[in-house]
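Structure, as structure tokens:
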Amino acid sequence: MHNSSRTFQENAAAALADETLQIALSRFQSGFSARRAQAVARMPEFDDLRDRARRIKDHTLEHLDHYLERFEEEVIASGGQVHWAQSPDQARQKILEVCRAVGAKSVTKGKSMIAEEISLNPFLEENGIEPVETDLGEYIIQLRNEPPSHIIAPAIHVLKEQVAETFRRAHPTLDSARPLNEARALVDEARSVLRGKFLAADVGITGANFLVAETGSAVIVTNEGNCDLTQTLPRVHIVLASLEKVVPTLHDAFTLLRILARSATGQEFSTYTTLATGPKRLDDADGPQAFHVVLLDNGRSAMLGGPFREILHCIRCGACMNHCPVYGAVGGHAYGGVYPGPLGAVLTPALSGIAETSALPNASTLCGRCEEVCPMRIPLPKLLRRHRQQEFVERLGSMRSRLALGLWAFFARRPWLYRVIADMSIRLLTLAAGRKGSLRWLPFATSWTKGRDLPAPQGGTFMTRWGRSNRGATKQRR
Amino acid sequence: MANDAPTVGLFVTCLVDLFRPTVGFAAVRLLERAGCRVVVPQRQTCCGQPAHNSGDRGNAAAIAAQVLDAFGGSDYLVAPSGSCAAMIRHHYPTLFDAGSDLAQRATELGQRTYELVAFLTDVRGVRGVDTDFPFRVVYHDACSGLRELGIESQPRRLLESVRGLELVNLDGAETCCGFGGTFCVKYPEISNRMVADKAAAIAATGANVVASGDLGCLMNIAGRLTRDESQTGARHVAEILAGMTEEPPIGRGQD
């Protein structure tokens, strides 16, 4: 798991200065949010569906042990195996074991954030197994040796022109005269290379949007159909998912799917919704010979009883990052963890501790747009504030901001003293501004004045002016 | 004034108190015109958001308790800020132990706490105002007011009742301006980007004035507009509705 969350401030500054990235970012948010709004407007019962979805997750998390065991029973009954992994390392070792058992040389992968969480690709490479990402966005960033910058649009930070460059560099058979200006041409080029990889793979690894307890099925949605090929063509299919992905019934999974696509891309349903239940049966036309599910905990079961339990409701639609103004300004890589945006700012510190990641929950205006669009009604601002409380209690913030806050609070808790200091400060500020109405620079406030002026006070606080007016003096006037 | 006039305790807000007293006087005028008796409790400073949003529950609760004491005697607490009103209405009850006397008092105060414009329209039934402002105006939705209190149509409705005022649509009116309390000084680069985008959207409308309901947002936006040497001024919506626009817009000099 790459983690540079500690340097969020520097990452963000670099992202803001990166002109190419800024072009990429300027385009995507308005499109995503408009499509979501249209999809929601077309569905009058959307809010009811959100409530139903929330109840499903509430119920499941309340009985998580039961549904996980049920899921395992059903997987076994359909001829598959479940492997419980408490840590990323256990998950990696289990996957390696399964790959080695069939002498795997190459592995195709459907998009999986859990694979990112356990840093699966570098691990497979170290062990002589070639991982091939088959989602177009994932494939692009794999060639560019970058992590995803968005959970459903991993290459959203890359421009079309950069993709063309990447393909020309990475595909030796690509005719240099062939134009790659159109998105269609890029898709065709990726497809022509990936086709061979699909056919050659020994093992296919997919993530899962949902695990269905009553049938032992893994459900995954794509718009490219790449997961269908990833899980049907190779001899072995491994589903890699975290344990909160389980839902009781197929019906529940479909309730959640109805809000997932609408929230994510504004589609009514993703193009492909694929269910995997056990290995190939006798009368199946095709399918894998073996079916494994690797279930990752990695701190989630410990979150069940804690203050961040609600983030386990997340269905990874990405709506929070599609609507977050901070994400829109700096992109996903600045967050420095696997999960960017408001989701990441809550989940990353909850999984790996606040000490190294405290910049993330602070880098929010608490504008509330994420909560507004979250299909699962996760109170993200409240959870961000909880991290800040933990940071404050553990005294992790900078000494300077702590002192400033303490000093301000000292006065704010003493109204009469506050009045004296306020009057004095306002008089000074008014004096400094003269007749200009605003200050272009102010000592101790340069982080404000660097990018904008500080409007000067009108002169005299309201409380003083009110006190001097007849009104303030005769408080009981009728 | 009629004896059945409700007593409104004006929560001035720290920014209005310090930077823009006109907004406080405009609020008093609007409330009185709506048939309220206005008092200004002296033991108020700030609602405590800087502490609350920095994770400092102790100071946030102490400041909240101070507000509970100061506004105990009023029928309503009204603030010319959605963010302070939301803090008092929704967050104060969470600052005290559930079931405690303070928690109960906080819940009770929360129920009679309103943002100014929403109070005028939703509680006092104000349909319009009797004043002129012959300018092209855009309205920026302050985040807390919009999302925590559902204030969206009310200020627009009242602005449209102002004679001569042309209210035009602002693209991304509901997008945060990047103020965010301490956010704007903790993450100045990101905040600057956000407010630059906001100022550009405002400039694109050709409006004379951007109005909003929160002075934090307005100071941020006004500061960027003057830095950009934009012709657009920034004003609190209360100033326009009360007809108190003799003073220059926020951040503009007398000259």
Nearest-5 percent of antiparallel DSSP beta bridges in the stretch A:150-282?
55
Each residue of the stretch B:47-56 in order: what ³J(HN,Hα) in whole Hz does its phi give by Karplus 6.51 cos²θ - 1.76 cosθ + 1.60, θ = phi - 60°, with x for Gly and Pro?
7, x, 4, x, 6, 4, 7, 9, x, 8
Cβ-placed point charges (K, R +1; D, E -1), dipole of chain A about Cα centre in debye, nearest 20
3700
What FRET efficiency would be calculated for the residue pair residue A:398, residue A:199, taking the C-beta separation as r and a Förster radius of 51 Å, to the nearest 0.05?
0.40
Please get the size of the charge dipole for chain B, origin at its Cα centre, with Cβ charges of +1 on Lys and Arg and -1 on Asp and Glu, quoted in debye to the nearest 20.
40
What is the set of long-range amide H partners of residue A:293 at a cut-off below 5 Å, with H atoms built 1.01 Å from backbone N?
A:81, A:82, A:83, A:239
I'd like the orientation of helix A:46-62 relative to chain A: the angle between its Cα long axis and the longest Cα principal axis, in ° from 0 to 90, rounded to 10.
70
Quick one: which residues, 5+ away or cross-chain, put their amide H under 5 Å from the amide H of residue A:298? H built at 1.01 Å from N.
A:87
If a paramagnetic tag sat 7 Å from the Cα of residue A:145 along the Cα-Cβ line, which residues of the stretch A:1-37 would have the backbone N under 16 Å from that point?
A:2
Let me have the 222 nm mean residue ellipticity of chain A computed from DSSP H runs of 4+ only, each contributing -39500 (n - 2.57), with the sum over all residues rounded to the nearest 500.
-15500 deg cm²/dmol
Alpha-carbon centroid distance for the pair the stretch B:59-78 / the stretch B:158-233, whole angstrom
30
Using only atoms on other chains, find how many Cβ atoms lie within 10 Å of each Cβ of peptide A:361-373 and report the average.
6
Which order do peptides B:191-198, A:404-411 fall in by mean Cβ count within 10 Å, highest first?
B:191-198, A:404-411
Between residue B:171 and residue A:450, what FRET efficiency follows from the Cβ-Cβ distance if R0 is 35 Å, with the result rounded to 0.05?
0.85
Per-residue ellipticity at 222 nm for chain B, helices alone: DSSP H runs ≥ 4 residues times -39500 (n - 2.57), over residue total, nearest 500 deg cm²/dmol?
-12000 deg cm²/dmol
Report for the protein assembly as shown the percent antiparallel among DSSP-assigned beta bridges with both residues inside it, nearest 5.
20
Length added when fully stretched, residue A:97-residue A:45, from 0.36 nm per residue minus Cα-Cα
14.1 nm
To the nearest 10 degrees, the tilt of helix B:215-227 (Cα long axis) against the first principal axis of the alpha carbons of chain B is 20
Arrange the peptides A:276-287, B:155-166, B:14-25 so that the one whose residues have, on average, the most other Cβ atoms within 10 Å appears first.
B:14-25, B:155-166, A:276-287
For the stretch B:102-235, rounded, prolate or oblate, judged on the Cα gyration tensor with a ≥ b ≥ c (square roots of eigenvalues), a/c < 1.5 rounded, else prolate if a/b > b/c?
oblate
Every cysteine in chain A with no other Cys Cβ under 4.7 Å from its Cβ, please list them in numeric order.
A:99, A:227, A:314, A:317, A:324, A:374
Label-point gap, in nm, between residue A:175 and residue A:127 - each point 7 angstrom along Cα→Cβ
4.1
Excluding residue A:388 itself, calculate the net charge of residues whose Cβ lies under 13 Å from the Cβ of residue A:388, where each Lys or Arg counts +1 and each Asp or Glu counts -1.
+4
Measure off 7 Å from each Cα along the Cα-to-Cβ vector at residue A:7 and residue A:410, then give the distance between these two points in nanometres to one decimal.
3.6
Gap separating the Cα centres of the stretch B:118-155 and the stretch A:389-418, nearest whole Å:
34
Just check the stretch B:48-112 against the gyration tensor rule for me: Cα atoms, a ≥ b ≥ c as the square roots of the eigenvalues, rounded for a/c under 1.5, and otherwise prolate or oblate depending on whether a/b exceeds b/c.
oblate
Cα centroids of the stretch A:1-20 and the stretch A:349-374: how far apart, whole angstrom?
16
Note: residue B:7 to residue B:122 extended length (0.36 nm per residue) minus current alpha-carbon separation gives 39.8 nm
Averaged over peptide B:9-21, how many Cβ atoms belonging to another chain are found within 10 Å of each residue's Cβ?
5
Once you order the gyration tensor axes a ≥ b ≥ c over the Cα atoms, which shape class does the stretch A:216-285 get: rounded for a/c under 1.5, otherwise prolate or oblate by comparing a/b with b/c?
prolate
Nearest-ten-degree value, helix B:101-111 long axis tilted from longest Cα axis of chain B:
40
Under the definition of partner shielding as Cβ atoms of other protein chains within 10 Å of a residue Cβ, what is the mean value for peptide A:229-240?
0
Given backbone amide H placed at 1.01 Å from N, residues whose amide H is under 5 Å from that of residue B:166, ignoring those fewer than 5 places away on the same chain, are B:135, B:136, B:137
Going through the cross-link list A:109/A:160; A:105/A:280; A:436/B:198; A:57/A:280; A:245/B:186; A:382/B:186, which pairs have a Cα-Cα distance over 28 Å in this structure?
A:57/A:280; A:245/B:186
How do A:416, A:466 rank when sorted from fewest to most other Cβ atoms within 10 Å of their own Cβ?
A:416, A:466
Take peptides B:71-77, A:381-387 and line them up by average Cβ neighbours within 10 Å, highest first, as a rough protection proxy.
A:381-387, B:71-77
Which of A:244, A:224, A:130 has the fewest Cβ neighbours within 10 Å, and the rest in rising order:
A:130, A:224, A:244
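Here, each number is a calculation from the coordinates, and none is a lab measurement. Source: prediction; values computed, not measured. Cβ sites come from the backbone with ideal geometry, for glycine too, and all protein chains shown count toward neighbours.
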